[in-house]
Amino acid sequence: MKALYYHYVRPAPADMPHFRYLHLEDFRAQLDYLGEQHGFVERADFLEAARERANVLRGVVLTFDDGLRDHVDYVLPELECRGLWAMFFISTGIYKSGELLTPHRAHHLLGSHGGADMLAALQGRITPDMLVNEHREEFRNNTYADQDNDSATSEFKRILNYFLAPDARKTVLDSLMREYCDEAALFEALYMKPVEIRLLADKGMIVGSHSVSHSVFSTLSPKAQAREITDSFDFLEEASGGLGLRIFCYPYGHSHTYDADTVRLLKESGCCLAFTAEHRDVTADDMAGAPLELPRHDCNAFAHGRASYGSLRPRGDQIASEGAV
Ligand SMILES: [Zn+2]
């Protein structure tokens, strides 16, 4: 079985020339391709496999992360008219904070203003006390390096994700958002509303947890991890009208972003399946032996899954490396 993950899926945005997303037309073409090449796993078969952990399923299951409006506005209608189902993983803390999740703040700052301008704005806000000790020298060596837009984008993300202490990251992002984005308007446009979580469930989609705050779990205490898991499932049970099976998706999804406590706590919370971002097929051994660490493929690795930037779409003859692994 191949589980594929998606984030932004939409037509070309009007005002974000550097924004990276999967164009709706490419999404449609990819669904055609996946249906022809691999077929889709039936919902009932998937649920049975999740309960029994014994079935070997062939075909594709689709997953959509982060509770984005795109998934209600563009993905759901497309799935419905094709008779398909999917899983939607939602970080529930946004409904309390009213703020964009950290990665989404970065995507929108970069998407609207580009890497070079945002890197300069970021560097202008950093003082030495904000840096994590072991990265201080590295920051000094890289600062104000001559960069094109793409390398500036990478550097912006690197500084944000690795060089800054967590508190400083929040302070700096708050400041950038105040100056460069209308966060309240973005929030409205970016995320589905709780009532739409219910709509997804009512339409036969599977709703799952993507934590409360979309934090790196391996940096949290076991107690804080437990709260992230329990509170998000509690919220989603209520919002969806009852989840049935509890399915989780790790924020960021790489093996260093969660730990043995995370897996244990998921098990204790009654979670039956959890997805990572390890890029390979789900095997029968995974379902039987490691159902709380199931791999998923990035949709970018399959035909038509290549990202668009702003209004620029990849050429039709560009086929991403065929993800037949
Ligand atoms: Zn996510």
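Read the figures in this text as sums done on the coordinates, not as results from a lab. Note that the structure is predicted; figures quoted are calculated from it, not measured. Cβ sites come from the backbone with ideal geometry, for glycine too, and all protein chains shown count toward neighbours.
A few points about this structure:
- Dipole magnitude for the chain: computed about the Cα centre from +1 point charges on Lys and Arg Cβ and -1 point charges on Asp and Glu Cβ, it is near 220 debye.
- Relative contact order [Cα under 8 Å, 6+ residues apart], region 112-264, whole percent: 21 percent
- The chain - Kirkwood radius from inverse mean 1/r over Cα pairs (Å): 20.6 Å
- Cα long-axis angle, helix 24-37 against the chain (0 to 90 degrees, to the nearest 10): 40 degrees
- Residue-span extension gain [His254 to Glu237] - 0.36 nm each, minus C-alpha spacing: 3.5 nm
- Taking the Cα centre of region 15-55 as origin and assigning +1 to Lys and Arg Cβ atoms and -1 to Asp and Glu Cβ atoms, the resulting dipole is close to 200 debye.
- From least to most packed, judged by other beta carbons within 10 angstrom and beginning with the fewest, Tyr252, Tyr6, Tyr74 follow the order Tyr252, Tyr74, Tyr6.
- Note on Lys203: aspartates and glutamates with a C-alpha under 12 Å away, same-chain residues under 8 apart excluded, are Glu80.
- Residues of region 74-89 with amide N under 20 Å of a point placed 7 Å along Cα→Cβ from Glu25: 74-79
- Put a plus charge on the Cβ of each Lys and Arg, a minus charge on the Cβ of each Asp and Glu, and nothing anywhere else: the dipole of region 103-221 about its Cα centre is then about 400 debye.
- Modelled FRET efficiency - R0 25 Å, Leu312 with Val195, Cβ distances, 0.05 increments: 0.10
- Least to most buried among Val132, Val9 (fewest other Cβ within 10 Å first): Val132, Val9
- In degrees, nearest ten, helix 166-180 long axis to first principal axis of the chain (Cα): 80 degrees
- In summary, the aspartates and glutamates within cross-link reach of Lys96, defined as a Cα separation below 13 angstrom excluding same-chain residues under 8 places away, comprise Asp231.
- Two-decimal Rg to Rh for region 1-134 - Kirkwood Rh, Cα set: 1.08
- Which of Leu266, Leu160 has the fewest Cβ neighbours within 10 Å, and the rest in rising order: Leu160, Leu266
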